[in-house]
1. If we keep just the residues of region 101-156 that are within 25 Å of the chain's Cα centre (by Cα) and acidic (D, E), which is nearest to Q286 (Cα to Cα)?
2. I need a count of the residues in region 328-337 that are in a loop (DSSP other than H, G, I, E, B) and either open to solvent by 40 Å² or more (accessible area, probe 1.4 Å) or closer than 23 Å to W145 by Cβ (or both).
3. So which of E186, E198 is open to solvent by 50 Å² or more (accessible area, probe 1.4 Å), among the acidic types (D, E) and assigned to a helix (DSSP H, G or I)?
4. Quick test of your reading of the structure: N219 fulfils all but one of (1) surrounded by 21 or more Cβ atoms within 10 Å (Cβ to Cβ); (2) closer than 29 Å to D201 by Cβ. Name the failing condition by number.
5. Filter region 88-106 down to residues that are in contact with a strand residue (DSSP E or B) (Cβ under 6 Å, 6 or more places away or on another chain) and not charged (D, E, K, R), then give me how many there are.
6. Do we have S80 as among the polar types (S, T, N, Q), crowded, with 17+ Cβ neighbours inside 10 Å, in contact with a helix residue (DSSP H, G or I) (Cβ under 6 Å, 6 or more places away or on another chain) and modelled with pLDDT of 95 or more here?
7. Out of everything in region 94-122 that is assigned to a loop (DSSP other than H, G, I, E, B) and either of a type in the set (D, E) or touching a Lys or Arg at 6+ places or on another chain (Cβ under 6 Å) (or both), what residue ends up being most open to solvent (accessible area, probe 1.4 Å)?
8. In region 112-151, what count of residues is obtained for those that are of a type in the set (S, T, Y) and closer than 29 Å to F195 by Cα?
Amino acid sequence: MQLKKPLILVMTALALMIGIAILNTAPANPAQARDDEITITLAGFAVPREAYGELIPIFTEQWEAQTGQKVKFDESYQASGAQSRAIAGGFEADIAALSLEAHITALVDAGLITHDWKANYNGTVSTSVAVLAVRPGNPEDIEDWDDIIRDGIEVITPDPATSGGAQWNILAAYGAAKRGFVEDYEAGDDSATEFLAEVIDNVLVFDKDGRESYLTFENGVGDVAITYENEIFAARRAGGEVDVVYPRSTILIENPIALIDEYVDKHGNREAVEAFIDFLYTPEAQRIFANHGFRPVVPEVAAEEAIVEQFPVVEDLFTIEEFGGWEAVSQDLFGENGRFTLLIAEVKGE
């Protein structure tokens, strides 16, 4: 049956009106077409838990104000190496905030991270230094690395097989000796290995991660703990009594963060995840890291007078490049047959 011309015109006009209405109600920017609430899963190493506990609520409030979208964070904290293995094994974290680069690289090798995660500040979100925590008043008169190998001194540090923090600690002690900053030990690898064997021999407890190791020390075990500088800040904020010794030579600890492409794309939350990581580099966030004892990576924040006064200058501060970078360290020193792995087994009889 053929429609009459007036009816055709009416239907055409109606279709145009519907189309205009759809255009007027559709978001101008496709990114605005978002769910009312999303979830971000953050997998972190144990030490910065309190810092993220302060940072996350600030971000979620800002994000909701800007976009109208609520963000819920699921947080997981454990030893960095264990966290990396969990993500590689199927734990669908959107963000990995780990203790060392090698644990992020493992996720790149697994095909889970496909973007250039080191594009911003080399992928480092905060830094620290390895220090020596001692009892109030420093009753054992610990002044530098050579004092922790004296007979009867009980040393606390985590297990390098599970903890990224432990690997930083071992590298700090070894590197200081290698560079000639430990009394009675000549500079060089052989002498530094002898010194490290003495340190390991005095280790009383190898805990699974940096936070657990420091809590062991806080609970009265041991005379000295090799730990992150920020652990001292955390302890004092919580009312703990602890003194700190800054060795003349120690390592700059660089803590990386990365978006996990595989899981972010699966969860459809890339925009918010990227925004959160960007937020961590803002002056506001970097100052919060500093309040928790982490040294800022953003130069203008690190140069602020209050920040400069907060963190002592180390006479000889070296980096992971002293050992050829994490790729070399992970294989040659901490690998299954690495020099440090075998040394620990030999000294501890394991």
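1. Checked region 101-156; the qualifying residue nearest to Q286 (Cα to Cα) is E101.
2. Adding up the residues that qualify gives 3.
3. When all the criteria are applied, what remains is E198.
4. Exception for N219: condition (1).
5. Matching residues across region 88-106 total 7.
6. So S80 does not fit the description; no.
7. Filtering first and then ranking leaves D116.
8. 2
The values are calculated or read from the model by the stated rules, or taken from the named source; none is laboratory data. Remember, predicted model here, so these are calculated numbers, not experimental data. Neighbour counts run over all protein chains shown; Cβ positions are idealised from the backbone, glycine included. All accessible areas refer to the heavy atoms of the entire protein, side chains included, with ligands and DNA or RNA removed. Shrake-Rupley method; radii C 1.70, N 1.55, O 1.52, S 1.80 Å.
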